[in-house]
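Let me begin by presenting the structure, written as structure tokens, before commenting on it.
Quick note: the coordinates plus some simple rules give every number you see, no bench work behind them. As the structure is a prediction and not an experimental result, all values here were calculated from the model. Because the Cβ atoms are built from the backbone with ideal geometry, glycine has one as well, and the counts that use them run over all protein chains shown.
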Amino acid sequence: MTGIHRDEMLGLICGGVALALLSLLPLLTEGFYLSFGVNLVLYAALSTAWSLFSGPTRFVSLASAAFFGIGTYSVALWLDALPFVVLIAIAALASAALAALIGAATLRLSGVYFVIFTLGLTELIRQIVSWSQSRFAHKMGLYVFTDFTEGDLYWMLLALTAATFSVGWLINRSRLGFALRIIGDDETVARHVGIATARAKIVLFMISGAFAGIAGAIMAPRYAYIEPQAAFNPMISFMVVIMALLGGTRRLWGPLVGVVPFTVVMELIAARFPNESLIVVGIAFLAIVYVLPSGVTGRIECLRERLRRSLGTGVDAPGCGKIEGRA
């Protein structure tokens, strides 16, 4: 692990200041703005967790909803028997275990096959949970009553976002992060230089899944009544992917750039055109893939590189059309 550069130190300081300012939101407002803040930090945590794995490996996972749902049900099932902090740990472990099983079975797949499998997995788990509740509990949902306020949930999700970002930063500076960037560039080369590619991907997938599971556990008290349809909603997976791709996966903080504008747009659409939300998501996904394949941050870095080369050589640099996977 190398030392911290000046730019990195400045970034950490700015991040710390931003975190301190954001933590004041529940003290300054409530109602709609606080509720919006909860949604914002929720997707910030989920998008950053998604980027931990999908950024460097370039495997597009649609399993976020599965991990999120596992987290919510970890709280709903044992809320009356165990402390909330223990339930969060159970959610993380259960989600990580699921990610390990998925990884062992499917990370040899690539491209559309992996995407389809992870999407189908969420639906499979939802159907299993629905059948189990109908068969054994004779009901379709579970009540979750706690003393947590909207402000408490906001602070927990903000802390989770900071923790996810911190872990990602540490991984990026570790041997694991270096190995994953090689895997993302060329997995065949990575295997030839002695990198255990399958193990590295599974470990990172487990970390990403654990954070998504914790997010689901924290959000469980907000729902009050948890049903499989809401807990394992595939829209969560699509929203996470769109926000991360919109911001860009070249840098760890890239997904955060996409979270704010897209959350604002979806809030406006949901308020005025609730039945058109799926259409907006589909159009946004297509637009991002074709117009901003490397995201906002990737486009900015591409333009900076072109300008730098133009000033240095008198010619424009070649275009940056490829989605990068660096965190």
Fill in the blank from the handout: Going from the fewest other Cβ atoms within 10 Å to the most, one would list Lys201, Lys139 as Lys139, Lys201
Exercise for the section: Quickly work out the Phe136-to-Leu82 label distance, labels modelled 7 Å from Cα along the C-beta direction, and quote it in nm with one decimal. Expected result: 1.5
Completion exercise
Diffing region 182-191: the Karplus 3J(HN,Hα) column from phi (6.51, -1.76, 1.60, θ = phi - 60°), in whole Hz with x for Gly and Pro, holds 5, 4, x, 6, 6, 5, 5, 4, 4, 5
Fill in the blank from the handout: In terms of the alpha carbon gyration tensor, root eigenvalues a ≥ b ≥ c, rounded if a/c is under 1.5 and otherwise prolate when a/b exceeds b/c or oblate, the chain is prolate
Handout entry: Vicinal HN-Hα couplings computed from phi for region 210-220 (Karplus, 6.51 cos²θ - 1.76 cosθ + 1.60; Hz; Gly/Pro x)
Key = 4, 5, 5, x, 5, 4, x, 5, 5, 7, 3
Completion exercise
So the angle from the long Cα axis of helix 84-106 to the longest Cα principal axis of the chain, reported in degrees to the nearest 10, equals 60
Completion exercise
Rounded to the nearest 10, the angle in degrees between the Cα long axis of helix 6-22 and the longest principal axis of the Cα atoms of the chain comes to 30
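What FRET efficiency would be calculated for the residue pair Ala198, Phe273, taking the C-beta separation as r and a Förster radius of 41 Å, to the nearest 0.05?
Plugging the Cβ-Cβ distance into 1/(1 + (r/R0)^6) gives 0.40.
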Practice task
Give, in nm to one decimal, the length gained when the segment between Arg299 and Leu170 is fully stretched (0.36 nm per residue of separation minus the Cα-Cα distance).
Solution key: 43.9 nm
Exercise for the section: Could you line up Phe238, Phe145, Phe59, Phe285 from fewest to most neighbouring Cβ atoms inside 10 Å? Expected result: Phe145, Phe285, Phe238, Phe59
Exercise for the section: Obtain the nm distance between the two label points defined at Thr146 and Ser23 by a simple spin-label model: each point lies 7 Å from its Cα along the Cα-to-C-beta direction. Expected result: 1.9
Problem - Under the Karplus curve 6.51 cos²θ - 1.76 cosθ + 1.60, θ = phi - 60°, whole-Hz ³J(HN,Hα) for region 286-298, x wherever Gly or Pro sits - result: 5, 5, 5, 4, 8, 9, 10, x, 9, x, 5, 5, x
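Among Leu46, Leu303, rank each residue by its count of other Cβ atoms within 10 Å, from fewest to most, as a rough exposure measure.
Leu303, Leu46
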Completion exercise
By the C-alpha gyration tensor axes a ≥ b ≥ c (rounded if a/c is under 1.5, else prolate when a/b exceeds b/c, else oblate), the shape of region 1-157 is oblate
Problem - Crossing angle, helix 112-132 versus the chain [Cα axis fit, 0-90 degrees, rounded to tens] - result: 10
